[in-house]
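The values are calculated or read from the model by the stated rules, or taken from the named source; none is laboratory data. In this text the structure is predicted, and so the values were computed from the model without any measurement. Cβ: placed from backbone, ideal geometry, glycine included. Neighbour counts: every protein chain shown. Quick note on the areas: whole protein, heavy atoms, side chains included, nothing else; ligands and nucleic acids left out. Shrake-Rupley method; radii C 1.70, N 1.55, O 1.52, S 1.80 Å.
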Amino acid sequence: MNQKKKIANSFNTMSLGIEFGSTRIKAVLNDEKNQTLAVGIHDWENQLVDGIWTYSESDIWQGLQSCYLDLKQKVTDRYGVTLKKVGAIGISGMMHGYIALDQEDHLLVPFRTWRNTMTEEASDTLTNLFDFPIPQRWSIAHLYQAILNKETHVNQIASLTTIAGFVQYKLTGKRVLGIGEASGMFPIDSSTKDYNQKMMNKFNNIIPDEIAWNLNDILPKVLLAGENAGRLTDKGALLLDPSGDLESGIPFCPPEGDAGTGMVATNAVKPRTGNVSEGTSVFSMIVLEKPLSKAYEIIDIVTTPTGKDVAMVH
């Protein structure tokens, strides 16, 4: 069998990963042996708008399409076939930040990235309330700071997510997050593999009465690695590949954050393993055998994609 036929006949065993990094969007196509067949790249930069680091929504979708088109063209150039389907798709992205949507799924305010350090009051208050470190970049700190600032959009929030969760929703219609990504929005209870309900109750109790929602209503559903996170819809297929070549129905894994993808890439997912990431920011991570006995200001607690606690120094 020639290479063209071999590639064309093996699309169903391939996996496509798309990552929204701080300076680059990447699409990577791997075969069933996890060998890379092609990589698509789109460079982008955040912008400081009204004192807030952000990427516009149009930049998100244009970057996604440009990245995928670059990958698709390389597949055609190298193998002489048109990329129409794959066996699975995974989305990952820079963790934390703030994407607040209304009932019609419109952005209420521009995407606030993890780089923004304007949530000190909220971070300190929540850290004391939970007896658990809540860094300024976490989504819950951004949300509570918006409440403290009495921002008019807060009462209109129907859902809150990260960039990976936002892209996943637009491609599949599912409001979900991988547990590692979710752990950068709100603290996770590693025993239940879900948001920490005691802390959620504490947060709900300090929400002003005039706000109609509670936290349970607006956060994405938490999923573990390997769980079904939806399929590519017809609308999502056209969003990713406006040419119409890409087929819908492709299954998705739970969207994860850059910390989780780094753990997997370095095989640091078991207790007593760790890694160091040197990207736009530098951080080290150690997978814990059991939860820490108390909160430490310099140690953030996130999780692996299977829900094990991880100590992170950022």
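Kindly indicate whether any position in segment 244-258 is in contact (Cβ under 8 Å) with a residue 12 or more places away in the chain, under 26 Å from Leu143 (Cα atoms) and hydroxyl-bearing (Ser, Thr, Tyr). No, that holds for no residue. Quick check on Trp61: is it open to solvent by 20 Å² or more (accessible area, probe 1.4 Å) and under 16 Å from the mean Cα position of the chain (by Cα)? Yes: the conditions hold for Trp61.
Annotation note: Cβ proximity below 8 Å between a residue of segment 31-45 that is more than 26 Å from Tyr55 (Cβ to Cβ) and a residue that is open to solvent by 70 Å² or more (accessible area, probe 1.4 Å) (sequence gap 6+ or interchain) occurs for Asp31/Thr13; Glu32/Thr13; Leu37/Arg78.
Of the residues making up segment 251-302, those that are of a type in the set (Lys, Arg) and at pLDDT below 90 number 2. Being more than 28 Å from Ile18 (Cβ to Cβ) and surrounded by 13 or more Cβ atoms within 10 Å (Cβ to Cβ) is the filter here; which residues of segment 261-285 pass it? Hit for segment 261-285 is Pro271, nothing else. Of the residues contained in segment 15-24, one or more are found to be within 27 Å of Ile157 (Cβ to Cβ), modelled with pLDDT of 95 or more and either in contact with a Cys (Cβ under 6 Å, 6 or more places away or on another chain) or not charged (D, E, K, R) (or both).
Name the residue that is nearest to the chain's Cα centre (by Cα), counting only residues in segment 143-171 that are within 30 Å of Leu238 (Cβ to Cβ) and of a type in the set (S, T, N, Q). My answer is Thr162.
This table checks each residue for (1) within 21 Å of the chain's Cα centre (by Cα); (2) of a type in the set (Ser, Thr, Tyr); (3) within 25 Å of Val282 (Cβ to Cβ).
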{"residue": "Ser10", "(1), (2), (3)": "no, yes, no"}
{"residue": "Thr13", "(1), (2), (3)": "no, yes, no"}
{"residue": "Glu32", "(1), (2), (3)": "no, no, no"}
{"residue": "Gly80", "(1), (2), (3)": "no, no, no"}
{"residue": "Gly97", "(1), (2), (3)": "yes, no, yes"}
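Can you pull out every residue in segment 233-261 that is small (Gly, Ala, Ser) and under 30 Å from Met312 (Cα atoms)? Matches in segment 233-261: Gly257, Ala259, Gly260.
Against the test of being at pLDDT 95 or above, of a type in the set (D, E, K, R), crowded, with 23+ Cβ neighbours inside 10 Å and closer than 21 Å to Trp53 by Cβ, the options Glu121, Glu181 yield a single qualifying residue, Glu181.
In segment 230-247, the residue that is farthest from the chain's Cα centre (by Cα) out of those that are open to solvent by 40 Å² or more (accessible area, probe 1.4 Å) and over 16 Å from Leu83 (Cβ atoms) is Asp234. Only one entry of Ile299, Ile250 meets the criterion of being closer than 21 Å to Asn196 by Cα and either open to solvent by less than 40 Å² (accessible area, probe 1.4 Å) or under 22 Å from the mean Cα position of the chain (by Cα) (or both), and that entry is Ile299. Beta carbons closer than 6 Å, at least 6 apart along the sequence or on distinct chains, pair a first residue in segment 291-307 that is more than 13 Å from Ile134 (Cα to Cα) with a second that is open to solvent by less than 10 Å² (accessible area, probe 1.4 Å) and at pLDDT below 90 for Thr304/Met263; Pro305/Gly260.
Selection of segment 150-176 for residues being of a type in the set (S, T, N, Q), part of a helix (DSSP H, G or I) and over 19 Å from Ile207 (Cα atoms) yields Gln168, Thr172.
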